[in-house]
Amino acid sequence: MVTTHNLGFPRIGAKRELKFALESYWKGQSSREDLLRAGAELRAKHWQDQAALDLVPVGDFAFYDQILDMSFTLGNLPARVRGFHGDALDNYFRVARGRSAAGTDDHACCGGVAAGEMTKWFDTNYHYIVPEFETGTQFKLDASRLLAQLAEAKAQGVKAKPVIIGPVTYLALGKAKDGSDKLALLPRLLPVYAELLATLGAAGAEWVQIDEPILVTELDATWQNAFRAAYQSLDIGAVKLLLAMYFGQLQDNLPLAAALPVQGVHLDAINARDEVKALIQASPAERVISLGVVNGRNIWKTDLEATLDWLEPVAKTLGERLWLAPSCSLLHVPVDLESEHKLDAQIRSWLAFAVQKLGEISVLATALAQGRDAVSPELAANRAAVAARRASARVNSPAVKAAVAAITAELGRRQSPFAVRAAKQATLLHLPIYPTTTIGSFPQTKEIRLARSAFKAGTIDETAYTQAMRAEIEHSVREQEALGLDVLVHGEAERNDMVEYFGEQLEGYAFSQSGWVQSYGSRCVKPPILFGDISRPKAMTVEWISYAASLTDKPVKGMLTGPVTILNWSFVRDDQPRSVSCYQLALAIREEVLDLEKAGVRIIQIDEAALREGLPLRKSQWQDYLDWAVDSFRITANGVRDETQIHTHMCYSEFNDIIAEIANMDADVITIETSRSDMELLDVFDDFNYPNQIGPGVYDIHSPNIPDQAHIIALMQKAAARIPAERLWVNPDCGLKTRQWNEVIPALANLVSAARALRAAAA
């Protein structure tokens, strides 16, 4: 028999139940008991969705983030949240978002504290809260969360497999706030992990899944030795350990992983199929080998027969030692395709969400155990869907392919160097030193959402919808004028999402109704489905931007999402290289840039928030990606005249190690997140002479806390120590759509006041 299991399940809920429960609790509209009840109901539902599996993950559910959960399990709380009243849940949310719930934060500045730094989970669009370390960091086990969920699962008859983050990955993903050596903490950390494993074993767990995804990255000898020391220390016999590695290939770490004293290993066979044979050969004869044979990060149906072709010989070799699972946690895909009632029927037939992926695992396991005849109807249906997708005329466009083939280097070059452009732009725009702006979006109010829903439902017509959006745009413009911002935006009232909005207007994209995926905390996105060749039938933003510009004498930025971000935040095609799809997007967005310029827009921002997260996990593979990603941005941006100022924006991404490539993008202005990292991201400019203008984000919009003027000035002074003041902008670190106007107005007022104070000091 083949054992089936799962590495993790989406926790947000098919109808975003967790999102709404969290936001209600944070606002003080529901109780702690209501929130805990909602979590328990979701866990029960999700365990039921996985009931056909032999082992079901427990502990993969989190109220905000699984890495933050691990920090609390290990007793690793930042010093700034100690001493608050309230319980662990209050402190949990203080670290996650700067404050807990309404009514529980009645002391400290602005009702909260500095939220934990947030960054991307490997090369995904999921954000985790970065663990914080110091030389004196101590660890103390608090297994209450895991024990409670394990008991809850056992009471419901769930065949539970607790899931935890491994000690080496935990240290690797954290940040030493005092610059100390993180690995020096390993001897202090390992006894707590050993205690945790013993505790889980005593509570009845047979297997524990211990995730060490950094094994698919490049590790030097020091970190490889850390793995050896860690797992020798944890080889205590309390439970059986399933070492889970995903998102890439092991390569030179394969001998290391194979030699660790664990009872099972999980390999991402979507990305590392070529390593399956070598891993089996290098592993002890009694070890369980778990293979991730269904893609946990994309939504296309698995070609079941092709998978069985290579898997059947493996099954004969391993016998009962073979386990089957998705490649990684299903956190990165929507919950259930059955929720989709309006999705194009043909495209729907090509897809599998989390529940359907687990069904594919069951079909594969049955075929291996009983033969393909036992699942012949399922295989026939799968064969037909896979073949239909390959043959569909909707997927391939000869005209688009010809346009990509005709791309030349000339498309990516500006007419003049930055110094020449900057002088022309300064003459045209007349901006002061330390110019102020925002990143693009303003609060998506209840009224905006209701108007959008009514328009989609057909209860209001296009004229009424346009009038409603124009009223919201005018409101945003007037508020910005009153605040005294220097460069305005239209507020993006008409946009549901910065990627979905554009995808809806491009050929080659499809959209789900309920395909929600967690980005962080209560923030969910509905990634568009890139199924075919991409083209732009008509202008997408010109009418809205032009209307905003007509309302004011101040410059208004045209707001676009860049090709790399649209690609990386979509469910992409798996039948052609990502670079080809990105070039198609670049040509489409380039047309929009040129149309905005023709309409008189003199500042155009092309957001590339996801540029870094597309990097391969191994640095040796970075350059190929960076070459086509930067080329795609340049193709998009660089057809304009010198006088047109091009901005780009990146958020929550460490970019110090790719600063040369970012400079090569040649944007006139780049805005970046630096508020949560206290300007640490600007350290790179100590050694790298960045040539263009930069706006370090000084308002953390992912927290409800309102920055005061002194805080903003202090951050900008740190920036000015590295970058000449005449090349600095003052702005938030990201868009403001998730905030409320009563937070945004005072925060931006402080931002404008800070800029004025900086100008006065520089005069």
Counting only DSSP beta bridges with both partners in the chain, the antiparallel fraction in percent, to the nearest 5, comes to 15 percent
Segment 263-360: relative contact order from alpha carbon pairs under 8 Å, six or more residues apart, as a whole percent, is 32 percent
Computed over the chain: longest principal axis from alpha-carbon atoms vs helix 622-637 long axis, angle to nearest 10 degrees, is 30 degrees
Two-site FRET efficiency, E462 against K45, from Cβ-Cβ distance with R₀ of 60 Å, rounded to 0.05 | 0.95
What is the magnitude of the charge dipole of the chain about its Cα centre, with +1 placed on the Cβ of each Lys and Arg, -1 on the Cβ of each Asp and Glu, and no other charges, expressed in debye to the nearest 20?
-> 580 debye
Computed for segment 105-259: size of charge dipole around the Cα centre, +1 on C-beta of each Lys and Arg, -1 on C-beta of each Asp and Glu, debye to nearest 20, value 460 debye
Once the other residues with Cβ under 10 Å from the Cβ of V294 are scored (Lys, Arg +1; Asp, Glu -1), what is the net sum?
-> +1
The percentage of the accessible area of segment 665-745 (probe 1.4 Å, all protein chains present) made up of carbon and sulfur atoms, to the nearest whole number, is 48 percent
Have a look at A403, L291, G735 and report the one farthest towards the positive end of the charge dipole of the chain, computed about the Cα centre with Cβ charges (Lys/Arg +1, Asp/Glu -1).
-> G735
Amide H to amide H under 5 Å from G695: which residues, 5+ apart in sequence or cross-chain, H placed 1.01 Å off N in plane?
-> I670, T671, I672, W729
Non-local amide H neighbours of M118 (under 5 Å, H modeled in plane, Pro and chain starts lacking H): which ones?
-> V130
Can you list the HN-Hα couplings for segment 252-268, worked out from phi with the Karplus curve (6.51, -1.76, 1.60; θ = phi - 60°), rounded to whole Hz and with x for Gly and Pro?
-> 5, 8, 4, x, 4, 4, 5, 8, 5, x, 10, 8, x, 10, 10, 10, 6
Which ³J(HN,Hα) values in Hz, rounded to whole numbers, follow from the phi angles of segment 121-133 under the Karplus curve 6.51 cos²θ - 1.76 cosθ + 1.60, where θ = phi - 60° and Gly and Pro get x?
-> 7, 6, 9, 10, 9, 8, 9, 10, 8, 6, x, 10, 10
Segment 490-606 shape via C-alpha gyration tensor axes, a/c threshold 1.5 = oblate
Size of charge dipole - segment 465-522 - debye, nearest 20, with Cβ of Lys, Arg +1 and Asp, Glu -1, no other charges | 100 debye
Sorted by chain and number, the residues with a modelled amide H under 5 Å from that of V58, at a separation of 5 or more or across chains, are K161, V163
Between helix 418-429 and the chain: long-axis angle, C-alpha atoms, 0 to 90°, nearest 10 = 60 degrees
Per the C-alpha gyration tensor (a ≥ b ≥ c, the square roots of its eigenvalues), segment 68-223 is rounded if a/c is under 1.5, else prolate if a/b beats b/c, else oblate; here it's oblate
Estimated vicinal HN-Hα couplings, Hz - segment 12-26 in sequence order (Karplus 6.51, -1.76, 1.60; Gly, Pro = x) = 6, x, 4, 10, 6, 4, 5, 4, 5, 5, 4, 5, 5, 5, 4
For n ≥ 4 DSSP H runs only, could you compute -39500 (n - 2.57) per run for the chain, divide by its residues and tell me the 222 nm figure to the nearest 500?
-> -12500 deg cm²/dmol
Just subtract the alpha-carbon distance of H430 and A381 from 0.36 nm times their residue separation and send over the number in nm, one decimal.
-> 11.3 nm
Separation of the A419 and A221 label points, Cα + 7 Å toward Cβ, nm | 4.7 nm
Report the relative contact order of the chain, percent, no decimals, based on alpha-carbon pairs under 8 angstrom and at least 6 residues apart.
-> 13 percent
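Quick check for you: with a 1.4 Å probe and neighbouring chains kept, what is the accessible area per residue of the chain, in Å²?
36 Å²
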In nm, to one decimal, how far is the R228 label point from the D575 one, both placed 7 Å along Cα→Cβ?
-> 4.8 nm
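The values are calculated or read from the model by the stated rules, or taken from the named source; none is laboratory data. Everything numeric here is computed off the predicted structure, so don't read it as measured data. When we count neighbours, we look across all protein chains shown, and the Cβ atoms used for this are built from the backbone with ideal geometry, even at glycine. Heavy atoms of the whole protein, side chains included, go into the accessibility calculation; ligands, DNA and RNA do not. Shrake-Rupley method; radii C 1.70, N 1.55, O 1.52, S 1.80 Å.
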